[in-house]
Amino acid sequence: MTDLTDLQSHLLAAIAASPGLDALETCRVHALGKQGQVTLLLKTLGAMSPEERLVKGPPIQALREAVTAAVATRKAMLEGAALDAKLAGERVDMTLPVDLPPPGSIHPVSQVMDELAEIFADLGFAVATGPEIEDDWHNFTALNIPETHPARAMHDTFYVERDGAERHVLRTHTSPVQIRTMLQQKPPIRIIAPGRVYRSDWDATHTPMFHQIEGLVIDRGITLGHLKWTLETFLKAFFERDDIVLRLRPSYFPFTEPSAEVDVGWTMKNGRRTLGGSEGWMELLGSGMVHPRVLTNAGLDPAEWQGFAFGVGVDRLAMLKYGMDDLRPFFEADGRWLKHYGFSALDVPTLSGGVGA
Ligand code: PHE
């Protein structure tokens, strides 16, 4: 009896002291496993006479129950502690602000393209695209740019030569998308075509690759008034100012007639030129009424359909809006520049939230 009592207190102490679930399992096997001390005691009952078993059986059974219960209690305790530790380790305070912005940033050109798409989508314009390696006909001929036009000269245009193939160019403007769109869809047409264009040029405000956005509207009864209103509405939304003043200056593009260069007015504020007002003017974009010959080249009857088109430098818009004065770093992939001028990936431009991000 004393032996059993000793064994019990020994086993229960070991169980209570087992530091973890593995140690507890070892204790359990020592006591209750196939060769365990308690199991071996239980086996002795088989060899006893019924009378002896009646006397010695109950204390051994009681020992087994006590040990089993102690193991279960300790197990529950250790499991609870493990869960508490896990929960404490995984605790997230949902009320904390997000402290790390996503790595990287949105390039100002992408940002401005998104802003423009948002503004023009609101005016009912769809986005159209065309290839950057363009054939001569779409880039020049269909746009009424004759063979002798200086825009075709080597120093402006990158030519792509392939043996036996028709000569291609890296498109020098987004205007070929006008032609592609008119050939593909029936009027009325309202599209913008953003994308990369290429010219052989390199200084503070010219890079051999830059970005333009083309606008094209074709419908019945379209006038210069529609062009001016559209540009005014777009530029007011883009620069987020109501005092944007435009000046349409007669100009020349082979594919528009009449053609207008559009200037935007600025005012001196604290020694800086600020957009708005009309103390001075800066040139912003090219535009005009789609030339009848261009309509004909694209399969439309100029007696029935009229339209306007405009083309504007996206990089230039970004420089004006966000205050960069050199275009070259746009394409140098310098992380410091991007960090300074880039936009958060979470600031998606929306008209309601402000396209200024
Ligand atoms: N394609 C012209 C350019 O690159 C801009 C333009 C587009 C002018 C549409 C008139 C109409 O300079």
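When you count, for each residue, the other Cβ atoms within 10 Å and take the mean per peptide, how do 264-276, 79-91 rank with the highest first?
In decreasing order of mean packing, 264-276, 79-91 become 264-276, 79-91.
Please determine, in degrees from 0 to 90 and to the nearest 10, the orientation of helix 224-239 with respect to the longest principal axis defined by the Cα atoms of the chain, where the helix direction is its Cα long axis.
40
Bins of 5 Å, beginning at zero and ending with the bin holding the largest distance: percent of Cα pairs per bin for the stretch 108-341, please.
1, 6, 13, 18, 19, 17, 13, 7, 3, 1, 0, 0, 0
Only Cα pairs within less than 10 Å get springs; with that Gaussian network setup on the chain, which residue of 100, 235, 284 has the largest fluctuation?
Top of the fluctuation ranking is 100.
Relative to the first principal axis of the alpha-carbon coordinates of the chain, what is the inclination of helix 50-89, with its axis defined by its Cα atoms, in degrees from 0 to 90 and to the nearest 10?
On a 0 to 90 degree scale, this one is about 20.
Across the stretch 140-273, how large is the tail of the calculated P(r) beyond 21 Å, expressed as a percent of all Cα pairs?
55
Work out the charge dipole of the chain with +1 on the Cβ of Lys and Arg and -1 on the Cβ of Asp and Glu about the Cα centre, then indicate which of 235, 38, 300 is farthest towards its positive end.
Farthest along the dipole direction, towards plus: 38.
Of all accessible surface on the chain at a 1.4 Å probe, what whole percent is carbon and sulfur?
Carbon-and-sulfur percentage of accessible area, whole number: 57.
Assuming a ≥ b ≥ c are the square roots of the Cα gyration tensor eigenvalues, decide whether the stretch 2-89 counts as rounded (a/c under 1.5), prolate (otherwise, with a/b larger than b/c) or oblate.
It comes out prolate by the Cα gyration axes.
Just order 168-178, 126-136, 40-50 by mean Cβ neighbour count inside 10 Å, highest at the front, would you?
Listed from highest to lowest mean packing, they are 168-178, 126-136, 40-50.
What is the magnitude of the charge dipole of the chain about its Cα centre, with +1 placed on the Cβ of each Lys and Arg, -1 on the Cβ of each Asp and Glu, and no other charges, expressed in debye to the nearest 20?
Dipole about the Cα centre, nearest 20: 840 debye.
Restricting to DSSP H runs of at least four residues, report the calculated mean residue ellipticity at 222 nm for the chain, -39500 (n - 2.57) per run over all residues, nearest 500 deg cm²/dmol.
Helices in the chain give a 222 nm mean residue ellipticity of -12500 deg cm²/dmol.
By how many degrees, between 0 and 90 and to the nearest 10, does the Cα long axis of helix 108-122 differ from the longest principal axis of the chain?
Result, in degrees: 80.
The values are calculated or read from the model by the stated rules, or taken from the named source; none is laboratory data. Remember, predicted model here, so these are calculated numbers, not experimental data. Here Cβ is always computed from backbone atoms with ideal geometry, including for glycine, and neighbour counts include all displayed protein chains. Only protein heavy atoms, including side chains, enter the accessible area calculation; ligands, DNA and RNA are left aside. Shrake-Rupley method; radii C 1.70, N 1.55, O 1.52, S 1.80 Å.
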